[in-house]
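J.: The structure is given below, and queries will be raised subsequently.
The values are calculated or read from the model by the stated rules, or taken from the named source; none is laboratory data. The structure presented is a predicted model; accordingly, all values stated were derived computationally and were not measured. Using ideal geometry, Cβ is built from the backbone for each residue, glycine included, and neighbour counts are taken over all protein chains shown.
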Ligand code: SF4
Ligand SMILES: [Zn+2]
């Protein structure tokens with residue numbers, strides 16, 4: 001019943017690291033890479049059935065991330081800049097526990113304003 005695996009687009013013999021299909025839910029880059037491979041997969045329907053039938057609780061199957069109620073599209077934050085125009089470099093990005101992205105430059109500016117306000121008010 002596992003014959004579909006021989007046609008899977010994520011096969012290791014095609015050069016894919018199986019770990020990519022078990023990414024950290026904050027790792028948007030890995031999620032996007034795996035999901036993009038699934039989108040080209042000829043056995044995506046078989047993969048989806050297998051994941052459902054076997055009660056998978058984690059990992060990416062058929063382009064969906066199991067173990068979270070968020071879709072890959074919700075997890076893949078495509079924004080390149082914060083609302084104030086700062087670039088989301090890895091250094092300037094902080095992920096919250098709920099996997100939302102925060103801009104360090106904005107957080108630092110906010111803390112500086114609060115400190116300045118405290119001094120002015122003191
Ligand atoms: S749909 Fe994705 S996880 Fe499933 S076999 Fe294809 S590439 Fe692999
Ligand atoms: Zn910002």
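J.: May I ask you to verify whether residue 105 is surrounded by 15 or more Cβ atoms within 10 Å (Cβ to Cβ), in a helix (DSSP H, G or I) and either outside the structural domain of residue 17 (by TED's automatic domain parsing) or out of contact with any helix residue (DSSP H, G or I) (no Cβ under 8 Å at 6 or more places or on another chain) (or both)?
T.: yes
J.: Checking the structure you have, find out if any residue of the stretch 17-31 is surrounded by 17 or more Cβ atoms within 10 Å (Cβ to Cβ), free of Cβ contacts under 8 Å to residues at least 24 places away in the same chain and within 15 Å of ligand 2 (Cβ to nearest atom).
T.: Taking every residue of the stretch 17-31 in turn, none turns out to be surrounded by 17 or more Cβ atoms within 10 Å (Cβ to Cβ), free of Cβ contacts under 8 Å to residues at least 24 places away in the same chain and within 15 Å of ligand 2 (Cβ to nearest atom).
J.: OK, next. Can you name the residue in the stretch 60-83 that is in a loop (DSSP other than H, G, I, E, B) and at pLDDT 90 or above and is also farthest from ligand 2 (Cβ to nearest atom) among such residues?
T.: This residue is 62.
J.: Conditions: (1) modelled with pLDDT of 95 or more; (2) part of a loop (DSSP other than H, G, I, E, B). Residue 57 meets all but one. Number of the miss?
T.: Checking residue 57 against (1) modelled with pLDDT of 95 or more; (2) part of a loop (DSSP other than H, G, I, E, B), the one that fails is (1).
J.: Here's another thing I want to ask about it. Quick one: count up the residues across the stretch 32-55 that are closer than 20 Å to residue 76 by Cβ and near ligand 1 (Cβ under 10 Å from one of its atoms).
T.: Taking the stretch 32-55 and keeping what is closer than 20 Å to residue 76 by Cβ, we get 32-41, 44, 47-48, 51.
Those still in the list that are near ligand 1 (Cβ under 10 Å from one of its atoms) too: 34-41, 44, 47-48, 51.
So the answer is 12.
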